[in-house]
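S.K.: For reference, the structure I am asking about is given below.
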Amino acid sequence: MIGKVNLFLCKFTFIMGHKKNIESFISGHFEKGIGYKYFVPSTINHQWEWNDGSLNTLLEKASIKLGELNSFAKLVPNTDLFIHLHVTKEAVVSSRIEGTQTTMDEALLPENEISPERRNDWHEVRNYTESLNKAIEELKTLPLSSRLLRKTHNILLKGTRGKHKMPGEYRRSQNWIGGNSISDAAFIPPNFNYVDELMGDLENFLHNEEIEVPALIRIGIAHYQFETIHPFLDGNGRIGRLLITLYLVSERILEKPLLYLSVFFDKNKGLYYENLTRVREKNDLAQWLKYFLVGVAQTAEQAVQTLSTILKLKERLEMDIAKNWGRRSSQALVLLQYLFEEPVIKIKQVEDICKLSKKSANELVSEYERAGILVETTGQARYRVFVFHEYLNLFKKDMP
């Protein structure tokens, strides 16, 4: 009995001794490098509390909207069909925040359809898609950890402009954000000697079962901290945004990876960076969390609307094909199912998917064109590319 009491007291002391109030948070301190000062953030693995009632209201709304999205994903069949485009959209927008110029349409094309001067950007978007998909798969056997983030980072930078910037490894030199050099940088993250310790603290915070911190507050703080640590030489922004989705999936708050905040962040990049900076300079963690929770609520609501519209589109087209396409209806429905997963297609793919001759595949695609479902985009007589525009546009409509 005494042992149990002592254990309880130890746990109680651990929690009480590490309480942090969001309103009185001290974000960190500066230390001197050679000719510059770098910022060392405070640790985050604590029991967090707050007095601001509006934070509770925003947390409740974001949680409700996220719950609606999760229920939608669990109850509606075939949501896996649409995840590919959600991931592609995230890859395009998240990469664009870092300066790439690839569009949604281009991201879905094979490499040989991309002009040489745009292939570097295309590769970065494709790598992001691959790294996200692989990370989601890895979560089935690995916890969300430094190990998983480094593996994801390795895929992200593979064969791209960042391939020489230590893919898959935390940095061992000083980096900076903004400016042409470290002397005029907008922000200088902590010295590399702090990275392992700070990332360990972040990882422990995400998994600490001894503290009672709501999941959305936890990942909101963790995202800020990751961006402040900036543990890699390149790709920090993309991995930091990916961290949000990975955490929600790993905690089973989301059954499917359907929530991505990159569009919300990208709509007003200045506001995103301003809120991060406000924490470091003014210790205003509460304002960052309010902004973050608004982003979760708005993004989850938009995702539900998009999925709902997709399902109505799918139902309408399926009914029309079954009713009006006669002997072609069975193969047309097979093709339609595929198009909701891969909305850019060539005749050869139609042959393989529907098990048709080249002539029959051409006839089926022509029927799709007459119905306005597919649109040919190249203007060529051979090697034509067809796009399911109405579907693709549902994902593009809220992109900045």
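The values are calculated or read from the model by the stated rules, or taken from the named source; none is laboratory data. The structure displayed is predicted, hence computed values, not measured ones. Every residue, glycine as well, gets a Cβ built from its backbone with ideal geometry; the counts of neighbours run over all protein chains shown.
S.K.: Kindly indicate whether residue 209 is over 18 Å from the mean Cα position of the chain (by Cα), free of Cβ contacts under 8 Å to residues at least 12 places away in the same chain, in the same structural domain as residue 62 (by TED's automatic domain parsing) and outside any helix (DSSP H, G or I).
M.R.: Against the criterion (over 18 Å from the mean Cα position of the chain (by Cα), free of Cβ contacts under 8 Å to residues at least 12 places away in the same chain, in the same structural domain as residue 62 (by TED's automatic domain parsing) and outside any helix (DSSP H, G or I)), residue 209 qualifies.
S.K.: Sticking with this one: So how many residues does the range 379-400 have that are exposed (fewer than 15 other Cβ atoms within 10 Å of the Cβ) and at pLDDT below 90?
M.R.: Within the range 379-400, residues that are exposed (fewer than 15 other Cβ atoms within 10 Å of the Cβ) and at pLDDT below 90 number 8.
S.K.: Residues to consider are 216, 271, 246; find the one that is at pLDDT 95 or above, buried (at least 21 other Cβ atoms within 10 Å of the Cβ) and farther than 22 Å from residue 60 by Cβ.
M.R.: Of 216, 271, 246, the one residue that is at pLDDT 95 or above, buried (at least 21 other Cβ atoms within 10 Å of the Cβ) and farther than 22 Å from residue 60 by Cβ is 246.
S.K.: Follow-up question, since we're still on this one. I need the full set of residues from the range 367-378 which are in a helix (DSSP H, G or I) and surrounded by fewer than 12 Cβ atoms within 10 Å (Cβ to Cβ), in order please.
M.R.: Of everything in the range 367-378, just one residue is in a helix (DSSP H, G or I) and surrounded by fewer than 12 Cβ atoms within 10 Å (Cβ to Cβ), namely 370.
S.K.: Going residue by residue through the range 133-143, is there one that turns out to be touching a Ser or Thr at 6+ places or on another chain (Cβ under 6 Å) and in a loop (DSSP other than H, G, I, E, B)?
M.R.: Looking through the range 133-143, at least one residue is touching a Ser or Thr at 6+ places or on another chain (Cβ under 6 Å) and in a loop (DSSP other than H, G, I, E, B).
S.K.: Give 195, 213 a once-over and let me know the one that is of a type outside the set (Gly, Ala, Ser) and touching a strand residue (DSSP E or B) at 6+ places or on another chain (Cβ under 7 Å).
M.R.: 213
S.K.: Next question. State which residue is nearest to residue 222 (Cα to Cα) when the search covers only the range 1-55 and only residues that are part of a helix (DSSP H, G or I) and modelled with pLDDT of 70 or more.
M.R.: Among them, the one singled out is 22.
S.K.: Given the options 147, 118, name the one that is within 18 Å of residue 196 (Cβ to Cβ) and of a type outside the set (A, V, I, L, M).
M.R.: Within the list 147, 118, the selection yields 147.
S.K.: Considering only the range 110-118, I want to know if a residue exists there that is buried (at least 20 other Cβ atoms within 10 Å of the Cβ) and within 24 Å of residue 391 (Cα to Cα).
M.R.: no
S.K.: Of the residues that sit in the range 249-268 and are polar (S, T, N, Q) and closer than 18 Å to residue 302 by Cβ, which one is surrounded by the fewest Cβ atoms within 10 Å (Cβ to Cβ)?
M.R.: By that ranking, first place goes to 268.
S.K.: Of (1) loosely packed, with under 15 Cβ neighbours inside 10 Å; (2) free of Cβ contacts under 8 Å to residues at least 12 places away in the same chain, residue 76 satisfies all except one. Which?
M.R.: The single condition residue 76 does not satisfy is (2).
S.K.: Something else now. Would it be correct to say that residue 290 is surrounded by fewer than 19 Cβ atoms within 10 Å (Cβ to Cβ) and assigned to a helix (DSSP H, G or I)?
M.R.: Taking the combined requirement at face value, the residue does not satisfy it.
S.K.: When you go through 218, 252, 278 one by one, which is the residue that is free of Cβ contacts under 8 Å to residues at least 12 places away in the same chain and farther than 27 Å from residue 127 by Cα?
M.R.: 278
S.K.: Can you pull out the residues in the range 81-99 that are part of a helix (DSSP H, G or I) and more than 16 Å from the chain's Cα centre (by Cα)?
M.R.: Within the range 81-99, 81 is the sole residue that qualifies.
S.K.: Right, another one. Hey, can you tell me all the residues within the range 379-395 that are in contact with a Lys or Arg (Cβ under 8 Å, 6 or more places away or on another chain) and either aliphatic (A, V, I, L, M) or assigned to a helix (DSSP H, G or I) (or both)?
M.R.: 385, 395
S.K.: When the range 144-168 is examined, which residues are found to be part of a loop (DSSP other than H, G, I, E, B), under 18 Å from the mean Cα position of the chain (by Cα) and among the hydroxyl-bearing types (Ser, Thr, Tyr)?
M.R.: Within the range 144-168, just 145 meets the criteria.
S.K.: Please go through the range 302-333 and pick out each residue that is among the hydrophobic types (A, V, I, L, M, F, W, C) and more than 24 Å from residue 72 (Cα to Cα).
M.R.: Listed by number, the residues that qualify are 321, 322, 325, 332.
S.K.: Tell me, yes or no, whether the range 333-350 has at least one residue that is outside any strand (DSSP E or B), at pLDDT 95 or above and of a type in the set (Asp, Glu).
M.R.: There is no residue in the range 333-350 that is outside any strand (DSSP E or B), at pLDDT 95 or above and of a type in the set (Asp, Glu).
S.K.: Which of the following residues is among the small types (Gly, Ala, Ser), free of Cβ contacts under 8 Å to residues at least 40 places away in the same chain and touching a Phe, Trp or Tyr at 6+ places or on another chain (Cβ under 9 Å): 42, 27, 95?
M.R.: 42
S.K.: Which residue out of 242, 289 is in contact with a Gly (Cβ under 8 Å, 6 or more places away or on another chain), of a type outside the set (D, E, K, R) and within 30 Å of residue 185 (Cβ to Cβ)?
M.R.: 289
S.K.: What are the pairs with Cβ atoms under 7 angstrom where one residue, in the range 169-189, is assigned by TED's automatic domain parsing to the domain that holds residue 234 and the other, located anywhere, is of a type in the set (D, E, K, R) and outside any loop (DSSP other than H, G, I, E, B)? Sequence gap at least six, or different chains.
M.R.: 169/150; 170/196; 188/37
S.K.: Next question, about the same structure. Just a yes or no: is a residue in the range 148-156 surrounded by fewer than 17 Cβ atoms within 10 Å (Cβ to Cβ), of a type in the set (S, T, N, Q), out of contact with any His (no Cβ under 9 Å at 6 or more places or on another chain) and touching a residue at least 60 places away in the same chain (Cβ under 8 Å)?
M.R.: No, there is no match, as no residue in the range 148-156 is surrounded by fewer than 17 Cβ atoms within 10 Å (Cβ to Cβ), of a type in the set (S, T, N, Q), out of contact with any His (no Cβ under 9 Å at 6 or more places or on another chain) and touching a residue at least 60 places away in the same chain (Cβ under 8 Å).
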